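Trainee: Would you mind keeping the following structure in view while I ask a few things?
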Amino acid sequence: MPAAEVSVSEDLVRRLLQEQHPDLSALPLRFVDEGWDNVTYRLGEELAVRLPRRHAAVPLLAQERRWLPEVSRRLEVAVPIELRVGRPSVHYPWIWSIVRWIPGRSADLDPLSDDQAGLLAKQLRLLHRPAPDEAPTNPLRGEALRTRDAFARDRISALAGSSADERAWLLETWSDGVAAVEATGRVWIHGDLHPRNVVVVGGEITGIIDWGDLTSGDPATDVVAAWTLLDSPDARAVFLEEYGADGSTQRRARAWAVFFGAAMRSSGEARHERIGQRILERLFAGQGGDA
């Protein structure tokens with residue numbers, strides 16, 4: 001996990017609120033989470049404050065600010081649309097946001113129920129519409145699998161705790177995705193659809209968060225949700241059928257699952273390592289040919 005370049009404390013957030021949004025500055029403030037890119041505080045009952053913890057996250061937040069209002073209009077689940085703009089100040093060097101609070105816990109803490117497979121597939125169908133020429137691109141998400149080949153093979157080959165047979169199968173599955181017919185068009189994709197970015201209450205999806213990797217690209221990058229978010233083969237089969245994933249898309253999505261599973265399993269961050277391990281377990285359970 002990258003080191004924070006700025007310490008985002010409660011005192012700092014309160015100072016920024018007093019300076020830029022004084023009408024909100026007296027609301028209760030509570031630390032919620034710190035990810036690779038952002039720190040989140042809950043503000044009162046209805047709002048949240050998101051602030052980059054490192055400079056690399058700043059353009060991602062700017063990208064959310066520009067494109068998410070347009071893309072999210074099609075979705076039926078909540079997304080963290082920016083309600084108030086945070087500006088750089090003498091106390092903090094970058095932009096930041098006040099967004100609507102989405103109730104629930106992330107899906108690694110409150111896993112999706114099998115009956116959510118259809119709803120998840122529908123949200124991706126609604127999202128995956130052709131992106132305009134000016135839509136952002138991302139060299140790490142949505143691109144052809146062959147562009148990530150060396151990185152993926154290195155991560156798979158170095159997986160600790162996996163047998164030689166398991167690593168060989170993962171490499172074979174990855175290679176099969178690389179060899180599949182590539183996507184012919186570029187659509188809007190979330191780009192980072194793993195359990196920490198899906199909000200759940202009692203097994204039901206309430207929202208999708210962390211849209212910094214929003215980009216145009218191969219929809220298979222999001223269809224990976226069949227393995228990142230769904231436990232049972234039956235739920236995965238429903239998801240893939242409801243989404244309408246053809247054979248090539250499924251092969252590429254399964255390869256993306258190998259990529260995310262291996263990368264997260266070897267990330268060095270305990271929570272991501274657990275997510276990565278669960279993705280790999282789902283893949284190994286499907287070696288017999290089911291979804």
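Trainee: Which of rounded, prolate, oblate describes the range 200-264, given a ≥ b ≥ c as roots of the alpha-carbon gyration tensor eigenvalues and a/c under 1.5 marking rounded, otherwise prolate only if a/b is larger than b/c?
Mentor: Since a/c stays below 1.5, the shape of the range 200-264 is classed as rounded.
Trainee: Show me the ranking of peptides 216-222, 79-85 by mean Cβ neighbours inside 10 Å, starting with the highest.
Mentor: With the highest mean Cβ count within 10 Å placed first, the list reads 216-222, 79-85.
Trainee: Could you tell me which of rounded, prolate or oblate describes the range 1-76, using a ≥ b ≥ c as the square roots of the eigenvalues of the alpha-carbon gyration tensor, with rounded for a/c under 1.5 and, failing that, prolate when a/b is larger than b/c and oblate otherwise?
Mentor: Verdict is oblate for the range 1-76.
Trainee: Let me ask you something else. Which of rounded, prolate, oblate describes the chain, given a ≥ b ≥ c as roots of the alpha-carbon gyration tensor eigenvalues and a/c under 1.5 marking rounded, otherwise prolate only if a/b is larger than b/c?
Mentor: prolate
Trainee: Let me ask another. Just to confirm a number: summing +1 for Lys and Arg and -1 for Asp and Glu over residues other than V6 whose beta-carbon lies under 11 angstrom from that of V6, what do you get?
Mentor: +1
Trainee: Carbon and sulfur: what percent of the chain's accessible surface (1.4 Å probe)?
Mentor: So the carbon and sulfur contribution to the accessible surface is 49 percent.
Trainee: For the range 41-56 and the range 116-188, write down the distance between their C-alpha centroids in whole Å.
Mentor: Here the answer is 29 Å between Cα centres.
Trainee: Can you show me the helix-derived [θ] at 222 nm for the chain, built from DSSP H runs with n ≥ 4 at -39,500 (n - 2.57) apiece and divided by the number of residues, rounded to the nearest 500.
Mentor: -12500 deg cm²/dmol
Trainee: Build a GNM of the chain with springs between Cα atoms under 10 Å: which of V238, V181, V58 gets the top mean-square fluctuation?
Mentor: Per the Cα network of the chain with a 10 Å cutoff, V181 tops the list.
Trainee: For the chain, modelled as a GNM with alpha-carbon contacts under 10 angstrom, which of D176, D210, D33 fluctuates the most?
Mentor: So, out of D176, D210, D33, the one fluctuating most is D33.
Trainee: Helix 117-127 versus the longest principal axis of the chain: what angle, 0 to 90°, nearest 10, using Cα atoms?
Mentor: Once rounded, one gets 70 degrees.
Trainee: What does the charge count near L126 come to, summing +1 for each Lys or Arg and -1 for each Asp or Glu among other residues with Cβ under 9 Å from its Cβ?
Mentor: Counting the neighbours of L126, the net charge comes to +3.
Trainee: Under a 1.4 Å probe, what is the accessible area of the chain per residue, stated in Å²?
Mentor: Each residue of the chain exposes 43 Å² on average to a 1.4 Å probe.
Trainee: Pairs of alpha-carbon atoms within less than 8 angstrom and 6+ residues apart define the contacts here; what relative contact order does the chain have, in percent?
Mentor: 18
Trainee: Give, as a single signed number, the net charge of other residues whose beta carbon lies under 10 Å from the beta carbon of W96, with Lys and Arg counted +1 and Asp and Glu -1.
Mentor: Charge balance near W96 sits at +2.
The values are calculated or read from the model by the stated rules, or taken from the named source; none is laboratory data. These numbers come from a predicted model, not from an experiment. Positions of Cβ are generated from backbone atoms using ideal geometry, with glycine treated the same way; all protein chains shown enter the neighbour counts. The protein model used for the area step is the full one, side chains on, heavy atoms only, and it has no ligands, DNA or RNA in it. Shrake-Rupley method; radii C 1.70, N 1.55, O 1.52, S 1.80 Å.
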